[in-house]
Structures are given as structure tokens and as C-alpha cells.
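Each reported figure results from applying straightforward, stated rules to the coordinates on display, with no laboratory input. For clarity, every value in this text was computed on a predicted model and none was experimentally measured. Cβ: placed from backbone, ideal geometry, glycine included. Neighbour counts: every protein chain shown.
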Amino acid sequence: MQIVREFPFEVEEKPHLWIPMPDGTRLSARMWKPVTDTPVPAVLEFLPYRKRDGTAERDALTHPYMAGHGYVCVRVDMRGCGDSEGLFDDEYSPQELSDGVAVVEWLAAQEWCNGNVGMMGISWGGFNGLQIAALKPEPLKAVVSICSTVDRYADDIHYKGGTMLGENPAWAATVLGWFALPPDPEVVGENWRAMWLERLENTPFLADTWVTNQLRDDYWRHGSVCEDYSAISAAVLSVGGWHDGYRNTISHLVENLEAPVKGLIGPWIHKYPHFAVPGPRIDFLGEMLRWWDRWLKGIDNGVEHLPDMRRWVMDSMPPQTSYVERPGRWIADDKAAVQSPLESWHLVENRLQDVAGTCDRTIHPALFCGEGAGEYFPFGFGPGELPDDQRTDDALSCCFDTAKLPVAKDIVGRPVVRLSLASDKPAAQVAVRLSDVRPDGKSTLISHGVLNLRHRNGHETPEDLPIGGVVDVEVTLDSCAYRVPEGHQLRVAMSSSYWPYIWPEAALATLSLESGVLELPVRESDVLAAPVFDEPRSAEPRKTRVLTEPKESKRVVRDHSAKSATMEIFGETGKVEDLATGLIMSSSVTDCFTIVDGDPCSAESASARRRTMQRGDWQVEIDANIRMRTDGRNFIMIADLLAVENGEEVFRREWESVIPRL
């Protein structure tokens, strides 16, 4: 990473200023401003993740750089989060989006702003940038949305293919712990403790909300910009990574937006591309700067003529749970070529072949299948987040292999598997994996997809399967760009459960496959010139001191007498002191997923989150815990939140929910 210290503009920073909302609530902002008498555009990042400490590391790399090139960069804590007043209610709530519109309009009205505003953000900030753009605040002219979604139900951390993700209650534990921290007394003054206690007393138990809404109802439709792509008129740069859970958004936006839009996908995890792994990293700040220059300053720099989609095609590599680099090449395409032409591969006996035939295979229950799935969105916090060698899961699955490929294939787009199948139960699910099988037998995951078979005709109204009756279903796998070399084989592997990636059905189901076909998007040739990116650069990193080292571990424990398997994941950041603010922060994450072979109702998750915040002899600790299990008819959750100041308990709350399975 090249560190840049000299910019066209000198930058002055305001660590804290208040932005008033229409109801009188004040949101806390941190601002980096170029020293100039000429009004310039503003760039907003609007998050719940605590600007003072939570995102300070990445903010230091990014916002001063943009400010040094003539933009007022403003990082705002959402209502009830960080140093802002008010109460947090839910992710992407009407209140959040209304506040976001108000912030955009306030920024545009300042004397130092030229009236044009951009929004940027990754994950939560990528989501709400698109959502606020759909509300059409007049000053919002451009958005850079990274690792986001267009559909909160179908493509977020809660549900996928109509199945509940194992991350759903785990994410609820993360939110419970994150937003229970107090504001910084040095920022908000003597009222900090009253603000903190008010937050704690009004803590929403979002696990209940997210588990209750198991169908694609109005709750999830709110904030899903796919409901009306035409609502977005701001220019959108959509960015993601092949090792992230939000890899499908980019093609959805490029294919559907009427506004100016470009897509960019690298090999990255859930991080900004100038410091993400696996490499190669790129000069992403330069990409954003050109986007802002065109749409916020009106500079004719030609970004609207860039290829509609720029993607990194990953070369085949042996399976590993983490990578530093992923070799490959950049490709460019226009909108019409986002999805490559489809090749049909038929599922015949145990083969994938280009001629149709009889399938006649059975998918038997195997509740331990899924240990090699990896995590929904790898974040670089905790060990072994990427998919492992698929052979363990393949051995528990119904598999179909090609012969050794006579020539290499570039798979670029969204693979689809169409099946005719029957179930011996009215409720069942299917997980489909596409893998690259190397000559030594190692199996590397290329893409996967899951489907609640009761949702085969839509996620709004489930339909029971006719027991023994054949139904046609379609499973769309995640977008990918992957080169399978000559001499390797392709494998489609199917299972009727995929724990702990998704929650299993309440009863074991056996699926009988009558026929099936893999529709494989195969890129024929490179038509457009390959993109070229500069090496990454940033502003100076935040100055910190590491007080204790991070720790991490991941293991699967098999209890043969109990016939159970438990996946245990632990990550601890260690204590890090911000030398500018004096704040010392630490956090830890523990997730345990347990299941007993042959008993899907034994599935249980336990998530614990601990955060500490201290300065001098003042210290705050937050502990948040959520457990979820099922009795077959219901999901049962218990949770607790504990807040401690200087060793004394100041708040404790417990929740218990029993929620019918739909």
C-alpha cells in the first residue's frame, strides 16, 4: 500500500459536530474538509458502527484522501449509535432512511458545499446508500455501494433461497453487543451516561424480528431496491468480491438500473478493495475519486464509458480456508454479456454429460454435510472463513462429475441447476454445490445455492411438497468468475441439509432425483480490452498501540458416543489503543453450532459477543449472548445483555422467544 501524505488540498479535521434532524435529535459527525474558499461536493458515509472507534481504522485510510482531493467527507453515526442522540430501532428502518435523507439535505445546504452529495459505504453503508438513493433526495447525485444487496430477503445475512441462514441469530448477537456501547464522554459530555442508560433500556431484540419474518413479506420488501429499480436516479458504482456473501448484487444492478451504473468485482472478502484480501488489491480510492469527479463535479473524465462490468476471473487453486492472493486475470464486459452463454450438462447416473439420460439417484439425509461451507461473509475476523476442501461434504452428498475437461473453461455468471425430484416429506431443502475437482482429488468450491423446496414457486407463500410426487425446481447458484483448467473435472454435489450454513428442516427428508441439468455460463472469449488498475494507495494509517495480541481458533468436535458434531469458532481482536483519543477497545466473538446425527431438531447455535471500552481508570464491558434451537414446530431463543462500568453491573436484560416455524 502506497501511503500518500501530500494532496492538492490541505485537510482540516473536525472530530465531532452535530447535525440536527427534523425532530430535534442530533447526530454526531466527523468531518474532513479541504482548505478552500470554493464550495465543493460532500461525500457521506452513514453507519451505526461508531466513528470514534469502530471504523476509525479504515476511515483514516479513506476520508482524508478524498478530502485532500477536494471533497468534504463526513462520517455520521446513525441515531442511537456511537456518539449520536436518539434510539436505534432496526437495520434500514424508515427512521434510519429518513434521517439519511435529512443528513444529505443538511450537507447540501452548508456554505462549504456546492449542493452535490455522494454516498459511499460497505455492507450497512452500501445498503443504505442504495436505499436512500431510491428515496430521491435531490442533492444525492452518486453512490458507491460495496458488498451490499438489492433484496434484503433473498440475498442478505438472514435468509437465502427461503432457508434461514445460520448467521441470522449470530448476526443478531453481533448487533446486540455493538449498539449497547456508550457514547464517548469526551465527545458528548456529562450527559453520556444518561444517553447510554436510555439506549440500554430501549434495546430492541432484533433476533425475534428476524426469525419471526420467515417469508418475503413487507418487512423485507422495505429497503429492497429490487422492488423498483427505476426509483434510483443517482449514478451507482457497485463493488464486491468473489469471497464475499454479497457477490450477486453487482450483476443485478448492472442489468437492471436505468441510472448510470458500473460494476466491479475482485477476489476479495468483505472489505474495501484497497486493503482487502485475497489480492490483488487495487487503487480503489482512485476509482472512487474518478466516480465523484464525474458525477459530483461534472468533470468529463469518461467514467461513463468504462465497461459496464469489470471482473477478476480466479484461476484454479487448491482449497484453502484463507488466501493471501488469488491468481487470475481481469476481464471487461458490457451489460449484455454479464451472463455468459449457457452450456447444458445433464445429470445422468453419477455423471455430468452433454446428452440427456436417466438420473435415478437418491439424496439421503446427512446432517453433518456442510462443515466445509465456510462463512456467509468472510470478514477477516476469525480463522478459516473460506470454504475448505469439499471432499468431506462430497462424501455425504449425491455427486455428478464430468470427465476430465479436454480444454479449460471460464465460468462467468450465475450457474443454474434445474431438477425434477420427489420428496418423502412435505417440507425439504436442497443445497447444490459446483466444485473444481483437481487431478489429485481435492475439491475446490466454485459456487453454491440453496432452496427451501416449499418456496419453489416463490418466497411469499410456501407450498407443501406432494409426498412422492415429482416437482420441477430451479436452484440459482451465486455469481462467479472461475477458470477450470484442462484435465480438471466439474462436480455438482447435492445434499438435503447444509448445517451450519443453513438451519435444517424439522424432519429428515429423502429426495429422489428423476432428472436434472446444470446450465453453466461459459465465457467464449475476451471481446473488450482487459482493465488495468493502479497499485493501492491511501492516506496515513491511524496511530495505534497494540496492548494485547489477537487470538483465533476454529475446530470441529465430534462426540462419537453422542453422535454429535460441534463447530466452535473464536476470534479476539486484542486490546488496541488509539493514540489520538486515548480509547482502548477490544472485542471477541464466539460461535458454537451443534447437531446430532439423525436428529435435525437437535440443531442449536450459541453466539457470544464481548466488547470493552476504556480510557484511564474508566472501563465499560458489554456481554451479549443468543442461543437458538428448535423443537420441530418452533424456533426457541434465549438471550441476555449485560453492561458493566468499572466492575459494577449497570444493566441486565434477558429475553426468551418461541416463534412458530413456517
Measure out, as a whole number of angstrom, how far apart the alpha-carbon centroids of the stretch 225-300 and the stretch 431-488 sit.
26
Taking θ as phi - 60°, what are the ³J(HN,Hα) couplings along the stretch 263-268 by the Karplus curve (6.51, -1.76, 1.60), each to the nearest whole Hz, with x for Gly and Pro?
x, 9, 9, x, x, 7
Can you pull out the trypsin sites (Lys or Arg not before Pro) in the stretch 611-662 whose DSSP state is coil and whose Cβ has at most 12 other Cβ atoms within 10 Å?
R633
Net charge near A67: determine it from the other residues with C-beta under 9 Å of the C-beta of A67, scoring Lys and Arg +1 and Asp and Glu -1.
-1
Report, by chain and number, residues whose modeled amide H sits under 5 Å from the one on G279, excluding near sequence neighbours (fewer than 5 apart, same chain).
E325, R326
Inter-label distance for Q353 and E201, nm, one decimal - labels placed 7 Å from Cα along Cα-to-Cβ
7.3
Once phi is turned into ³J(HN,Hα) by the Karplus curve 6.51 cos²θ - 1.76 cosθ + 1.60 with θ = phi - 60°, what whole-Hz value does each residue of the stretch 581-597 show in order, with x for glycine and proline?
9, x, 6, 10, 10, 8, 8, 9, 10, 10, 10, 10, 10, 10, 8, 9, 4
Applying the Karplus parametrisation 6.51 cos²θ - 1.76 cosθ + 1.60 with θ = phi - 60° to the phi angles of the stretch 24-41, what ³J(HN,Hα) value in whole Hz is obtained for each residue in order, glycine and proline being reported as x?
x, 5, 10, 9, 8, 10, 10, 10, 10, 10, x, 7, 6, 8, 8, x, 10, x
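In the stretch 465-571, which chymotrypsin sites (Phe, Trp or Tyr not before Pro) fall in coil by DSSP and have 16 or fewer other Cβ atoms within 10 Å? The partial results should precede the final answer.
On the way: sites: Y482, Y498, Y501, F533, F570; in loops: Y498, Y501, F533.
Counting only loop positions with at most 16 other Cβ atoms within 10 Å, none of the chymotrypsin sites (Phe, Trp or Tyr not before Pro) in the stretch 465-571 qualifies.
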So the angle from the long Cα axis of helix 167-178 to the longest Cα principal axis of the chain, reported in degrees to the nearest 10, equals 20
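What does the extension gain come out to for N457 and R290, with contour length at 0.36 nm per residue minus their alpha carbon separation? Intermediate values should be presented prior to the final figure.
Values: separation 167, 0.36 × 167 = 60.12 nm, distance 4.29 nm.
Extra length from N457 to R290 when fully extended: 55.8 nm.
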Restricting to DSSP H runs of at least four residues, report the calculated mean residue ellipticity at 222 nm for the chain, -39500 (n - 2.57) per run over all residues, nearest 500 deg cm²/dmol.
-4500 deg cm²/dmol
Given [x] 24.7, 75; [y] 30.9, 103; [z] 28.4, 95 as possible values of Rg and Dmax of the Cα atoms in Å, the one from the coordinates is [x]
For S602, which sequence-distant residues (separation of 5 or more, or a different chain) have an amide H within less than 5 Å of its own amide H, given hydrogens modelled in the peptide plane?
V596
Using a basic spin-label model with each label point 7 Å from the Cα along Cα→Cβ, how many nm lie between S230 and E656?
5.2
Considering only Cα-Cα distances, which of the following residue pairs are longer than 21 Å: K33/K141; K409/K442; K271/K409?
K271/K409
Taking the dipole of the chain about the Cα centre (Lys, Arg +1; Asp, Glu -1; charges at Cβ), the one of A134, A639, P64 that reaches farthest to the positive side is P64
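Mind sorting M494, M317 by how few other Cβ atoms lie within 10 Å of their own Cβ, fewest first?
Working: M494 24, M317 16.
Fewest to most other Cβ atoms nearby, the residues stand as M317, M494.
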Once amide hydrogens are built 1.01 Å from N within the peptide plane, the residues lying 5 or more places from N114 or on another chain with amide H under 5 Å from its amide H are V40, A42
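Take the Cβ-Cβ distance between I638 and W192 as r, set R0 to 35 Å, and report the resulting FRET efficiency rounded to the nearest 0.05.
Working: r = 30 Å, r/R0 = 0.87.
My answer for the efficiency is 0.70.
Can you give the net charge of the other residues whose Cβ lies under 10 Å from the Cβ of I569, counting K and R as +1 and D and E as -1?
Here the charged neighbours net out to -3.
To the nearest 0.05, how large is the calculated FRET efficiency for Y219 and A507 if R₀ is 30 Å and r is the Cβ-Cβ distance? Write out the running numbers ahead of the final one.
On the way: r = 27 Å, r/R0 = 0.90.
That gives a FRET efficiency of 0.65.
Among E463, E577, E111, what is the fewest-to-most ranking by other Cβ atoms within 10 Å?
Details: E463 13, E577 17, E111 5.
Ordered by Cβ neighbours within 10 Å, fewest first: E111, E463, E577.
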Lysines with Cα under 20 Å of K136, excluding same-chain neighbours fewer than 8 positions away
K262, K297
What do you get for the angle between helix 94-109 and the principal long axis of the chain? Use alpha-carbon atoms, 0 to 90 degrees, nearest ten.
40
Those GluC sites (Glu not before Pro) from the stretch 1-95 that are DSSP loop and have at most 13 other Cβ neighbours within 10 Å turn out to be E6, E10
Nearest 10 degrees is fine. How inclined is helix 284-296 to the longest principal axis of the chain, computing both from alpha carbons?
70
Within the stretch 11-29, find all residues whose amide N lies under 17 Å from a label point positioned 7 Å from the Cα of E105 along Cα-to-beta-carbon.
19-27
